[in-house]
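Have a look at the structure below before the remarks.
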Amino acid sequence: MATGALALGLSPAWAQNFNDPEEFAKQQEQLQATAEGPEGQPWVENIGGDMVEMPGLDLASGATVCFSNAGVNNPWRVVGFTNMTEELKNHSSIENFIHVDAEGSDDKQIADIDDLLAGGDCDVMIVSPNTTAALTPAVERACEAMPVIVFDRGVNTDCPETFVHPVGGYGFGIQGAEFIVDQLDEGSNVLMLRILPGVDVLETRYSAGRRILDEAGMNVVGAEFTDGDNAKTKSIVEDYLMRGTIDAVWMDAGATAVAAIEAFEDSGYDIPVFVGEDQQDFLRKWQDEGMTAIAPTYPAYQWRTAIIAASRVIEGGELPAPEWVLPQPAITQDTLADYVNPAMPPLHYAMCGCEEMEGYPEAWGGN
């Protein structure tokens, strides 16, 4: 995933094209690295970051943490936000939590951050940016007023205390594309399905996946935006099936993966090699149909880590900085059965790291 360009010594130009060979190679290596930290708790593990001692905040009472959220506008973000609110219960130093939802709008999120700054109630701010370049100035203004934690999606500045994220978008793209290359012959037809442009973690997924497929001699028949809409996803796949054979589908996010699979079934075609994600409906479909598939993940447990990072800023303690890089495992055929859980909703994300939390499974809609 693209971190702050300045923090990595990268040029601002790279931050716009999301296709940096050095970051690609770094994340390819991090996918194989051994994380440091308590085993079985990947939300507090760390890959290769320097530890910085936080002095703590000298507050008369419990802290107010403000969270500027890009949105709770897809199932992954719903699972993540539930993780966050449940994690808050573990931190007595956080007395108040103010959440503002940008509803997927850069303009609204910029205004939200400015409103939080004007209100003067925040001791620490957490930001999950809607898009990278647009939110950078707002994050920089927040950094001038208080400690800031950025997570999930990056910005082009190194002013936050840390940037919490799994290995990143390049890593996600690498895992899925390498799986396709391992399964198919050179010249096979691959359809790439994307969600939306301009978000660093999605752009880098695509650039990494495309690089690997092109270098392996795969025939990328199309790269289409689905807007995360099931009907549009099915329509796109059906249109490409009318044009010719599809040997594999690569997706930069998996919420509409089952809709894409159903397009093959409804049209009477075998399901091809498939790159989905760790939502339950895809995992169950994969298991039920005996598919050849992989589920790269962008683990929702990182939403827990954002709160843990804020608590360390408040209380004092060691914090990985300028990045807190979390493990990013993929679900494979060998591990699939460990993650399929019929008790959870179809769009629950299996890599939530939430199973031992007090409110599980009810808070996530399970039974």
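The values are calculated or read from the model by the stated rules, or taken from the named source; none is laboratory data. Not measured: the values here are computed from a predicted model. Methodologically, a virtual Cβ is constructed for each residue, glycine included, from the backbone with ideal geometry; neighbour enumeration extends over all protein chains shown.
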**Message:** Yes or no: region 316-337 includes at least one residue that is in a loop (DSSP other than H, G, I, E, B), under 17 Å from the mean Cα position of the chain (by Cα) and either among the aliphatic types (A, V, I, L, M) or within 21 Å of residue 233 (Cβ to Cβ) (or both).
**Reply:** yes
**Item:** The listed residue being in contact with a strand residue (DSSP E or B) (Cβ under 7 Å, 6 or more places away or on another chain) and either farther than 26 Å from residue 327 by Cβ or crowded, with 20+ Cβ neighbours inside 10 Å (or both), out of 183, 109
**Value:** 109
**Prompt:** Does residue 262 count as outside any loop (DSSP other than H, G, I, E, B) and closer than 17 Å to residue 230 by Cβ?
**Reply:** yes
**Asked** Exactly one of (1) in a loop (DSSP other than H, G, I, E, B); (2) more than 30 Å from residue 218 (Cα to Cα) is unmet by residue 254. Its number?
**Response** (2)
**Asked** Looking at (1) at pLDDT 95 or above; (2) touching a Pro at 6+ places or on another chain (Cβ under 8 Å); (3) outside the structural domain of residue 175 (by TED's automatic domain parsing), which is the one condition that is false for residue 279?
**Response** (3)
**Prompt:** Tell me, which residue of region 290-314 that is among the hydrophobic types (A, V, I, L, M, F, W, C), touching a strand residue (DSSP E or B) at 6+ places or on another chain (Cβ under 6 Å) and assigned to a helix (DSSP H, G or I) is nearest to residue 66 (Cα to Cα)?
**Reply:** 310
**Message:** Here's a check for you: in region 139-169, which residue that is over 21 Å from the mean Cα position of the chain (by Cα) and among the aliphatic types (A, V, I, L, M) is nearest to residue 23 (Cα to Cα)?
**Reply:** 142
**Prompt:** residue 335: at pLDDT 95 or above, in the same structural domain as residue 147 (by TED's automatic domain parsing) and of a type in the set (Ser, Thr, Tyr), yes or no?
**Reply:** no
**Request:** Can you tell me which residue among 278, 252 is crowded, with 23+ Cβ neighbours inside 10 Å, in contact (Cβ under 8 Å) with a residue 40 or more places away in the chain and touching a Lys or Arg at 6+ places or on another chain (Cβ under 8 Å)?
**Result:** 252
**Request:** Give the residues of region 126-147 that are within 21 Å of residue 301 (Cβ to Cβ) and hydrophobic (A, V, I, L, M, F, W, C), sorted by residue number.
**Result:** 126, 127
**Request:** Scan region 33-83 for residues that are among the β-branched types (Val, Ile, Thr) and not in a helix (DSSP H, G or I) and jot them down.
**Result:** 34, 47, 52, 64, 65, 72
**Request:** Filter region 225-249 down to residues that are of a type in the set (A, V, I, L, M) and in a helix (DSSP H, G or I) and give me whichever is surrounded by the most Cβ atoms within 10 Å (Cβ to Cβ).
**Result:** 237
